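Notes for the one structure printed next.
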Amino acid sequence: MGCGRVGSSLALSLENQGHDVAVIDQEESAFRRLGSAFEGSRVTGVGFDRDTLIEAGISDAYAFAAVSSGDNSNILAARVARETFGVEHVVARIYDPGRAEVYQRLGIPTVATVKWTSDQMLRRLLPQGHVPELVDPSGKVVVAEVTVNPGWVGRLVSELESATGTRAAYLTRLGSGILPTADTVFQEGDLIHLATLAAELPAVERTLDAPPVPSGH
């Protein structure tokens, strides 16, 4: 739902990956963003209206994304898709971060546009203590990219986990994500993303900001 810049880009990307896509927008002119090559359905109407959703094929949909410019419309459409039509994979774009957190706790996955952008900026500005990449709905568990002292290069990722009491969610190496195994060695240039309790994150960062403690100490 929503054929703005985000919605049209998402629709074209999904279709390029081989998926069948239907796009809903109140303004028929918005569909021009899809271009003439788009083969999916274009449905003019209100995205949380049941008849409009049925016309778009919601009854057989695997997933539904609400990415219009209105928070209320997006969350209402997402709830109708989830609660009325039983669509399991639903996400809503929300501009207000406070609202996004509320809906996240209600089980509606959200993307808070302003907060996501500011978080991305913070991660590139601050070497430590930056905003976690993922926070579970209870706020207790986070996944965060943590700065690592060069002294850890050449050590097993499992050693970093043991020293901090965390789990390595994944590594970014040469721009690509990899899942570490028991034999994975932390290399120069690696970015490590750790899953930990939110309350423990400052201690984790302090531990990895320092070189490893020599054996026997």
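The values are calculated or read from the model by the stated rules, or taken from the named source; none is laboratory data. Only a predicted model underlies this, so the values are computations on that prediction, with no experimental measurement involved. Reconstructed Cβ throughout: ideal geometry from the backbone, glycine too, with neighbour counts over all protein chains shown.
Taking region 181-217, which residues are in contact with a Leu (Cβ under 8 Å, 6 or more places away or on another chain) and exposed (fewer than 13 other Cβ atoms within 10 Å of the Cβ)?
Across region 181-217, the qualifying residues are A182, D183, G189.
So which residues in region 19-31 are under 27 Å from R99 (Cα atoms) and either in a helix (DSSP H, G or I) or among the charged types (D, E, K, R) (or both)?
Within region 19-31, D25, E27, A30 qualify.
Looking only at region 32-51, filter to residues that are surrounded by fewer than 19 Cβ atoms within 10 Å (Cβ to Cβ) and in a helix (DSSP H, G or I); which one of those is farthest from the chain's Cα centre (by Cα)?
My answer is D51.
Would you check which residues across region 52-98 are of a type in the set (V, I, T) and part of a helix (DSSP H, G or I) and list them?
The answer is T52, I54, I58, I75, V80, T84.
Scan region 3-40 for residues that are on the phi > 0 side of the Ramachandran plot and either modelled with pLDDT of 95 or more or not assigned by TED's automatic domain parsing to the domain that holds V80 (or both) and jot them down.
Selection gives nothing.
Taking the conditions exactly as written (assigned to a loop (DSSP other than H, G, I, E, B) and either under 22 Å from P109 (Cβ atoms) or within 25 Å of the chain's Cα centre (by Cα) (or both)), does G7 satisfy them or not?
no
Those residues that are aliphatic (A, V, I, L, M) and in contact with a His (Cβ under 9 Å, 6 or more places away or on another chain), I need them from region 135-192; list them, please.
The answer is V143, A144, V146, A168, A169, L171.
Determine whether S68 is under 18 Å from the mean Cα position of the chain (by Cα) and not assigned by TED's automatic domain parsing to the domain that holds P137.
yes
Those residues that are among the hydroxyl-bearing types (S, T, Y) and within 26 Å of the chain's Cα centre (by Cα), I need them from region 190-211; list them, please.
T196, the sole residue that qualifies.
Would you mind stating whether E205 is modelled with pLDDT of 90 or more and either under 30 Å from S138 (Cα atoms) or in a helix (DSSP H, G or I) (or both)?
Taking the combined requirement at face value, the residue does not satisfy it.
I'm trying to understand the selection: among the residues of region 171-180, which are surrounded by fewer than 16 Cβ atoms within 10 Å (Cβ to Cβ) and modelled with pLDDT under 95?
Result: T172, L174, G175, S176, G177, I178.
From (1) without any contact (Cβ under 8 Å) to a residue 12 or more places away in the chain; (2) more than 27 Å from D96 (Cα to Cα); (3) among the aliphatic types (A, V, I, L, M), pick out the condition that doesn't hold for A56.
Just one mismatch for A56, condition (1).
Output the qualifying pairs, or none if there are none: Cβ atoms under 6 angstrom, residues six or more apart or on different chains, first residue in region 38-52 and under 13 Å from E27 (Cβ atoms), second residue exposed (fewer than 15 other Cβ atoms within 10 Å of the Cβ).
The qualifying pairs are T44/E28.
Output the residues belonging to region 124-154 that are at pLDDT 85 or above, farther than 13 Å from V204 by Cβ and either surrounded by 14 or more Cβ atoms within 10 Å (Cβ to Cβ) or not charged (D, E, K, R) (or both).
Of everything in region 124-154, those that are at pLDDT 85 or above, farther than 13 Å from V204 by Cβ and either surrounded by 14 or more Cβ atoms within 10 Å (Cβ to Cβ) or not charged (D, E, K, R) (or both) turn out to be P150, G151, V153, G154.
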